[in-house]
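A.B. asks: Take this structure first; my questions come after.
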Ligand code: BGC
């Protein structure tokens, strides 16, 4: 006791003298604190990236806080880390403001290593802040040799010989095992060619759906890792799995519709399972239970299971307790072993798996003729339903799914085309009733038509299960205008429905493909709603795996060739450049650039060759693809913008991105090279496609009668909204001509009765082009319009998602185009989201990863008086909002620690600008840059600011 006391006194004394002698060391501590620690964009992931990238966000009170240095500690146990013993990596103090994309730089990591880590940061005065909470990641199986499991299967193809649809049942697998003692750690590594659901001792493992996800299974397949320590026990255990065709062996896209010689089995005929349970006993001994021929297999209640066509379940064929120990499987047979493809990689899933987002209670149930009942779930979405039913053994319940109703109140399913999208449940007649949710199909729908009930069902008979890739929410957008709020909500629902392992075009009809044009047009919009970093880390691999032999990127990826003539298309293929570029800009991710650089360079080479060294695609340059010229400004209204003119602009656009990306990875020569190409393209575009005044023109005679081109019969014109919108957006024009182009764009809109005429490629740049040339009033008018064609027209006609066509449904009139193409859940026209955030809220990325950004809100003249947006960037939470009250404008802005915002405060008189009701001149946190074109420009560091100004 005495000793302890004197020790404490000595420490206090030493500290006191030290503080006097070295005041710097003992100055006030900082509250700069790292949080949201992530590895490879994810919280607590299992990864096989050998040098995973770490990131953290920072918070601190006060203003203008930055990180001047950081230190990372990585240890192999939480105890070691707690006592600062970094046995794997101590980065030591690293000077700089980097808080993300920091590559692990410690000891090489072996398969299965669990890495615990923490970080601390030094603030602007050089004070170290507290350590973060502990985070961790785990290394997956790094080598194929780590896999002891075989591919096992049960060929049931002979049982799938229906007339229109050949749908075999789903095979079940089981294995019992005796575990020798108490278990310290257990991991399940599992994958399939096809889809799997895994169970242990009667319990479903994980909350993921449609695993292992869609890839080019000839090249790679992903696996999932589950910590199942608490799901196994000493003694008898049972492992069970059920697998289905999925993307591997099931129907894909419109193959059936277009009469493709192959309609299913694009990657293989028989779905296969590969799984191993690795157990470490408390004794330290290890054991692996791996799939092999001793796993028993059978087929049972899942009689049909197909992504597009639905699931049929006969509850009378259930095997009770089949995945529990003690089940009698003597009638089951042994599994067959299938050879591995040596070239097929097996890797840890890098994306966000599909999970349940929410459940939707039925809003209404309406009886219909013929014993049918129509359930309305109140929202169009992608997912499933849970059926709750009581009835007799053998009763059959049939569920049909539709997005909308005919004006007569009947469910509309024509727009599903060849997707049967029908689920069937055959009752076993349990007295208490039975519930069922399919596992291996999904639908895009709001309405469910159910037949086969014995008595009138209540609302609880059907529950909607919303599924989506679990991309974390990242942003919000709100105004004082209901129409716009609804539009935003619709955009978010549409993204949720279509970010479904790959970015799909739609969730309902026989398509659901990773259309590259849709993906590139919408990606920037998507970044504002959700954190799509991991989702695109995955899909960019799919996209590059699908790069064609001629080095073009395909029109959809993965690219199983659902129609023989599907190749590439300008405006679609450029996703190969635009998507990695957007991921780089948004998250500061240079790895995607390095990883895919050779592929991107190869594509640019193709484009150069295709331009015959002229750096412009003259009319009819793409007659060799189908449709001729590619898809062009798909679904535009009125005369077509020549696809070759658009292709030329896209070529310039991606060349400029290549220049920027080359610079970001230190390839300065290549950067200069692509800059020079960009200049050549701009010049060639001007020479070939503009007249003396700079107006876009085209030689439409070159397209003949337009036959073979999308909407070719409507004729071609260079002087279109889409042409100017793209030219401005892509910086194809010199400043003077750019301004003229903005004016022509306004003229064209006026001449078109103040309506837009743009399609897939023209919509996204339309409002940004208007705003960036000083025409935000016109942009707001288009945004707020409720006349066809407009976003408001959809909302007015009852949309709760974004539609494929501006007039997918008209109240009182119904539909046109149903059987052709009429999706009610298609995000392409939702790309207006980009303008909502970039211009209405005014947030634009500067330095990659929002290390710097600008806030320059475009204040609406009428219709909207208030806008609020939040965006959680990789550098932390950004908030921006403006409000107009009479002649006063207030601006509320939050800037995250370690970032700098350039804010443009709208005002006619800079002297009226206040922050927190005080003059800004003397505020040391605000760096005034100048007054120009109706905005006072200031630079601010972290903190929350309340600006007001007079106009
Ligand atoms: C898809 C689109 C896609 C297009 C190609 C359609 O059927 O649904 O979204 O981009 O084909 O033009």
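A.B. asks: For the pair residue 406/residue 111, report the inter-label distance in nm, with labels modelled 7 Å from Cα in the Cβ direction.
C.D. replies: 5.8
A.B. asks: To check you understand DSSP bridge types, tell me what percent of the beta bridges within region 843-950 (both residues inside) are antiparallel, rounded to 5.
C.D. replies: Around 90 percent antiparallel, to the nearest 5.
A.B. asks: Could you give the distance between the Cα centres of region 714-742 and region 284-345, to the whole Å?
C.D. replies: 58
A.B. asks: Decide, for the chain, between rounded, prolate and oblate: order the square roots of the alpha carbon gyration tensor eigenvalues as a ≥ b ≥ c, take rounded if a/c falls under 1.5, and otherwise choose prolate if a/b is larger than b/c, else oblate.
C.D. replies: Cα axes put the chain in the oblate bin.
A.B. asks: Something else: Mind jotting down the distance between the C-alpha centroids of region 375-431 and region 882-951, whole Å?
C.D. replies: For region 882-951 versus region 375-431, the Cα centre distance is 54 Å.
A.B. asks: OK, next. What does the highest-first list of 336-345, 614-623, 507-516 look like by mean Cβ count within 10 Å?
C.D. replies: The peptides rank, most packed first, as 507-516, 614-623, 336-345.
A.B. asks: Once you have a ≥ b ≥ c as the square roots of the Cα gyration tensor eigenvalues for region 659-740, tell me rounded if a/c is under 1.5, and otherwise prolate or oblate according to whether a/b is larger than b/c.
C.D. replies: In terms of gyration-tensor shape, prolate.
A.B. asks: Given the Cα-Cα distance of residue 94 and residue 50 and 0.36 nm per residue of separation, how much length would full extension add, in nm? Let's see the in-between values first.
C.D. replies: Numbers: separation 44, 0.36 × 44 = 15.84 nm, distance 2.12 nm.
Here the segment from residue 94 to residue 50 would lengthen by 13.7 nm.
A.B. asks: Pop a pseudo-label 7 angstrom from the Cα along the beta-carbon direction at both residue 485 and residue 626 and give the gap in nm to one decimal.
C.D. replies: Distance between the two pseudo-spin positions: 5.0 nm.
A.B. asks: With r defined as the distance between the Cβ atoms of residue 318 and residue 364 and R0 fixed at 35 Å, what FRET efficiency is calculated, to the nearest 0.05?
C.D. replies: Computed FRET efficiency for residue 318 and residue 364 comes out at 0.65.
A.B. asks: Something else now. Would you work out if region 427-514 is rounded, prolate or oblate? Take a ≥ b ≥ c from the square roots of the eigenvalues of the alpha-carbon gyration tensor; rounded if a/c is under 1.5, else prolate when a/b is larger than b/c, oblate otherwise.
C.D. replies: Prolate shape, in that a/c is at least 1.5 and a/b is the bigger ratio.
A.B. asks: Between residue 283 and residue 31, 0.36 nm times their residue separation minus their Cα-Cα distance comes to what?
C.D. replies: Separation in residues times 0.36 nm, less the Cα-Cα distance, equals 86.4 nm.
A.B. asks: Can you compute the helix-only [θ] at 222 nm over the chain? Use -39500 (n - 2.57) per DSSP H run of at least 4 residues, normalise by all residues, nearest 500 deg cm²/dmol.
C.D. replies: Calculated mean residue ellipticity at 222 nm is -7000 deg cm²/dmol.
A.B. asks: Taking only C-alpha pairs under 8 Å that are 6+ residues apart, what is the relative contact order of region 770-833 in percent? Working shown, then result.
C.D. replies: Numbers: 72 pairs, mean separation 14.9, N = 64.
With pairs under 8 Å counted, the relative contact order is 23 percent.
A.B. asks: Also, quick follow-up: How big is the antiparallel share of DSSP beta bridges in the chain, given as a percent to the nearest 5?
C.D. replies: Percentage antiparallel, nearest 5: 90.
A.B. asks: Can you grab the distance from the C-alpha centre of region 129-155 to the C-alpha centre of region 597-611, Å, no decimals?
C.D. replies: 36
A.B. asks: Which FRET efficiency value, to the nearest 0.05, do you get for residue 161 and residue 293 by plugging their Cβ-Cβ distance into 1/(1 + (r/R0)^6) with R0 = 35 Å?
C.D. replies: Efficiency at R0 = 35 Å is approximately 0.85.
A.B. asks: Let me ask something else. Starting from the Kirkwood Rh over alpha-carbon pairs, what translational D in µm² s⁻¹ does region 699-831 have by Stokes-Einstein at 25 °C and 0.890 mPa s? Numbers along the way, then the final one.
C.D. replies: On the way: Rh = 16.0 Å.
Approximately 154 µm²/s, per Stokes-Einstein.
A.B. asks: Then there is this: Sort 178-184, 840-846 for me by packing, meaning the mean count of neighbouring Cβ atoms within 10 Å per residue, highest on top.
C.D. replies: 840-846, 178-184
A.B. asks: So what is Rg over Rh here for region 355-469, counting just Cα atoms and using Kirkwood for Rh? Please report the intermediate quantities before stating the final value.
C.D. replies: Details: Rg = 13.4 Å, Rh = 14.2 Å.
My calculation puts Rg/Rh at 0.94.
A.B. asks: A follow-up question, please. Any idea what the relative contact order of region 189-343 is, in percent, if you count C-alpha pairs under 8 Å spaced at least 6 apart?
C.D. replies: Working: 263 pairs, mean separation 39.8, N = 155.
Relative contact order comes out at 26 percent.
A.B. asks: For region 132-176, list residues with backbone N below 19 Å from a point placed 7 Å from the Cα of residue 229 toward its Cβ?
C.D. replies: Counting backbone N atoms under 19 Å from the label point, the list is 134-141.
A.B. asks: Report the label-to-label distance for residue 85 and residue 388 in nanometres (one decimal), using points 7 Å from each Cα along the Cα→Cβ vector.
C.D. replies: 5.4
A.B. asks: Related question: Work out, step by step, the length gained on full extension between residue 269 and residue 180: first 0.36 nm times the residue separation, then minus their alpha carbon distance; give nm to one decimal.
C.D. replies: That works out to 28.2 nm of additional length.
A.B. asks: For the pair residue 787 and residue 892, what calculated FRET efficiency results from E = 1/(1 + (r/R0)^6), where r is the Cβ-Cβ distance and R0 = 30 Å, to the nearest 0.05?
C.D. replies: The calculated FRET efficiency here is 0.35.
A.B. asks: Further question: Please give the residues of region 531-552, grouped as numeric ranges, whose backbone N is less than 15 Å from a label point set 7 Å along the Cα-to-Cβ vector of residue 133.
C.D. replies: none
A.B. asks: Quick one: which of 247-253, 33-39, 923-929 comes out on top by average Cβ neighbours within 10 Å, and what's the full order, highest first?
C.D. replies: Ranking the peptides 247-253, 33-39, 923-929 by packing returns 247-253, 33-39, 923-929.
Each reported figure results from applying straightforward, stated rules to the coordinates on display, with no laboratory input. Only a predicted model underlies this, so the values are computations on that prediction, with no experimental measurement involved. So basically every Cβ, Gly included, is an ideal-geometry build from the backbone, and we count neighbours across all protein chains shown.
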